[in-house]
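The values are calculated or read from the model by the stated rules, or taken from the named source; none is laboratory data. Worth saying up front: this structure is predicted, and the values here are computed from it rather than measured. A quick note on method: Cβ atoms are made from the backbone with ideal geometry, for glycine too, and the neighbour counts reach across all protein chains shown.
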Amino acid sequence: MAEEVILLDFWASMFGMRTKIALAEKRVKYDYRKEDLWNKSSLLLEMNPVHKKIPVLIHNGKPVCESLIQIEYINETWPDKNSLLPSDPYKRAHAKFWADFIDKKVNVTARRIWAAKGEEQEAAKEFIEILKTLESELGDKKYFGDETFGYVDIALIGFYSWFGVYEKFGNISIESECSKLIAWAKRCLERESVAKALPESEKVATFVSDCRKKLGLE
Amino acid sequence: MAERSDSEEVKLLGMWASPFSRRIEIALTLKDVSYEFSEEDITNKSSLLLQLNPVYKMIPVLVHNGKPISESLLILEYIDETWRDNPILPQDPYERAMARFWAKFVDEQIYVTAMKVVGKIGEERDAVVEATRDLLMFLEKELVGKDFFGGRSLGFVDIVATLVAFWLMRTEEIVGVKVVPVEKFPEIHRWRFELFEVSIKTKTTSFWAVTEVLTGVNGC
């Protein structure tokens, strides 16, 4: 059966990075379509009418929205290679708990560091606490999935490309506060799927600068 | 209720008025899993709760053979994967993705917006009611041509959306605003009525209506 896989994405999105990594880990070929967040395509609006956000995965014409849901969908649809989630229900619930934690805590707090005036310091402090919680969960494991790179690693790693931005505007050093997490990130970057998905920090920095101008913060 | 099996120890830390706690009880009842319910006082949380859910310190927490699982949507999936009778989630990966999407939508969009109705008055409240209705319209469209969100029978999204059927629509009585008027939301009203009628057949062939599980012994 001919497979048609399309990904609607924006290069700087740490959520889109998740889906790109998952597709790459599973060796799924797909058509990558860039979206302009200031001028969304009619396809995006049609495929994600509820949230109107990227990433959107379109498989044989049917859209799947929300990055963590996409990872599970990819894992279930192409089950042969590199399972991204544990098979044991308890371990799976545990992995999903931490990915959900990342969604609930990391993005909202991180955004306040660069996109909300006057909240930088407080948000940066909270952000470090959140990273420390994650670092504690990682422990001495190679990946969050233990020996296997998986769901939680994929959920978090995209944010690494934004660490430079958080450090700059939050006036913090993530390396000195969470060295184990940085080491983990570097291990992840050794994987081709991750290296290809994550943009360079400088490019993200320029993009954030443009966003801040648009938001009237610079 | 079925007799407790010695090989399984299932405990639920919950709260009678919480839609997140009640949905777990529906799932456990649907699967005919006996469990011990432990009512938490959220103004005075037990040391057990704080120990089992140190990250959020919230109910519900399911404890299965000593191992805790928190976050209600994750607990529902865990229950579905552990006790395979009467499946809650569909088998097909695309249908599963859609079920997860709508469940997340109910909790993260509808619930969060609808909650604001209670605290507001006048124009501000009207705006929130309008916003809630816009979100509910997505659910309304999802129900067209289906008995339940899960199709012919109760599924994941139905269990999660009891939050809408019971709590949200009950809030209407408290705030005196018809957030979900039948003329705008005929499908949701029809679905809600069918939900009241659903009986959950357990292994002991006793029937539990969804409403009985939701209202419980204490009444709600």
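Scan (1) assigned to a helix (DSSP H, G or I); (2) more than 9 Å from chain A (Cβ to nearest Cβ); (3) more than 18 Å from the chain's Cα centre (by Cα) for the single condition B:Y94 breaks and write down its number.
Of the numbered conditions (1) assigned to a helix (DSSP H, G or I); (2) more than 9 Å from chain A (Cβ to nearest Cβ); (3) more than 18 Å from the chain's Cα centre (by Cα), the odd one out for B:Y94 is (2).
Does at least one position in region A:61-81 carry a residue that is charged (D, E, K, R), in contact with a strand residue (DSSP E or B) (Cβ under 7 Å, 6 or more places away or on another chain) and modelled with pLDDT of 95 or more?
Here is the first cut: in region A:61-81, the ones charged (D, E, K, R) are A:62, A:66, A:72, A:76, A:80-81.
Cutting the leftovers down to in contact with a strand residue (DSSP E or B) (Cβ under 7 Å, 6 or more places away or on another chain) gives us none.
The answer is no, given that none of the residues of region A:61-81 is charged (D, E, K, R), in contact with a strand residue (DSSP E or B) (Cβ under 7 Å, 6 or more places away or on another chain) and modelled with pLDDT of 95 or more.
Counting just the residues of region B:97-114 that are at the interface with chain A (Cβ under 7 Å from one of its Cβ atoms) and of a type in the set (A, V, I, L, M, F, W, C), which one comes out farthest from B:L168 (Cα to Cα)? Give the steps one after another, and end with the answer.
Here is the first cut: in region B:97-114, the ones at the interface with chain A (Cβ under 7 Å from one of its Cβ atoms) are B:97, B:100-101, B:104-105.
Those still in the list that are of a type in the set (A, V, I, L, M, F, W, C) too: B:97, B:101, B:105.
Working: B:A97: 25, B:F101: 20, B:F105: 15 Å.
Per the criteria, the residue is B:A97.
Condition first: in contact with an Asp or Glu (Cβ under 8 Å, 6 or more places away or on another chain) and closer than 27 Å to B:H64 by Cβ. Can you find one or more residues in region A:100-116 that meet it?
The answer is yes; a qualifying residue exists.
Do any helices (runs of 4 or more DSSP H) lying entirely in region B:1-89 carry at least 2 residues that are crowded, with 22+ Cβ neighbours inside 10 Å, and which ones are they?
Values: elements: B:19-30, B:47-52, B:72-82.
So the answer is B:19-30, B:72-82.
So, in region B:143-179, of the ones that are touching a residue at least 60 places away in the same chain (Cβ under 8 Å) and in a loop (DSSP other than H, G, I, E, B), which residue ends up surrounded by the fewest Cβ atoms within 10 Å (Cβ to Cβ)?
Result: B:V177.
Scan (1) without any contact (Cβ under 8 Å) to a residue 24 or more places away in the chain; (2) under 26 Å from A:E66 (Cα atoms); (3) more than 12 Å from chain A (Cβ to nearest Cβ); (4) over 17 Å from the mean Cα position of the chain (by Cα) for the single condition B:E140 breaks and write down its number.
With respect to (1) without any contact (Cβ under 8 Å) to a residue 24 or more places away in the chain; (2) under 26 Å from A:E66 (Cα atoms); (3) more than 12 Å from chain A (Cβ to nearest Cβ); (4) over 17 Å from the mean Cα position of the chain (by Cα), B:E140 is out only on (1).
A:L85 versus (1) facing chain B (nearest Cβ under 9 Å); (2) in a loop (DSSP other than H, G, I, E, B): which is the lone unmet condition?
Checking A:L85 against (1) facing chain B (nearest Cβ under 9 Å); (2) in a loop (DSSP other than H, G, I, E, B), the one that fails is (1).
Kindly indicate whether any position in region B:62-71 is within 23 Å of B:T43 (Cα to Cα), touching a residue at least 40 places away in the same chain (Cβ under 8 Å), within 11 Å of chain A (Cβ to nearest Cβ) and touching a strand residue (DSSP E or B) at 6+ places or on another chain (Cβ under 6 Å). Write out each step before concluding.
First, pick out the residues of region B:62-71 that are within 23 Å of B:T43 (Cα to Cα): B:62-63, B:68-71.
Of the ones still in play, those that are also touching a residue at least 40 places away in the same chain (Cβ under 8 Å) are B:62-63.
Okay, now just the ones that are also within 11 Å of chain A (Cβ to nearest Cβ), so B:62.
Subsequent filtering for residues that are touching a strand residue (DSSP E or B) at 6+ places or on another chain (Cβ under 6 Å) retains B:62.
The answer is yes; a qualifying residue exists.
Please indicate, with yes or no, whether at least one residue in region A:18-30 is in a loop (DSSP other than H, G, I, E, B), within 20 Å of A:G158 (Cβ to Cβ) and at pLDDT below 95.
Within region A:18-30, not a single residue is in a loop (DSSP other than H, G, I, E, B), within 20 Å of A:G158 (Cβ to Cβ) and at pLDDT below 95.
Would you tally the residues in region A:49-77 being within 27 Å of A:F101 (Cα to Cα), at the interface with chain B (Cβ under 10 Å from one of its Cβ atoms) and not β-branched (V, I, T)?
12
Taking the options A:E119, A:E135, name whichever one is surrounded by 14 or more Cβ atoms within 10 Å (Cβ to Cβ), over 18 Å from the mean Cα position of the chain (by Cα) and not hydrophobic (A, V, I, L, M, F, W, C).
Values: A:E135 fails: over 18 Å from the mean Cα position of the chain (by Cα).
Exactly one of A:E119, A:E135 is surrounded by 14 or more Cβ atoms within 10 Å (Cβ to Cβ), over 18 Å from the mean Cα position of the chain (by Cα) and not hydrophobic (A, V, I, L, M, F, W, C), namely A:E119.
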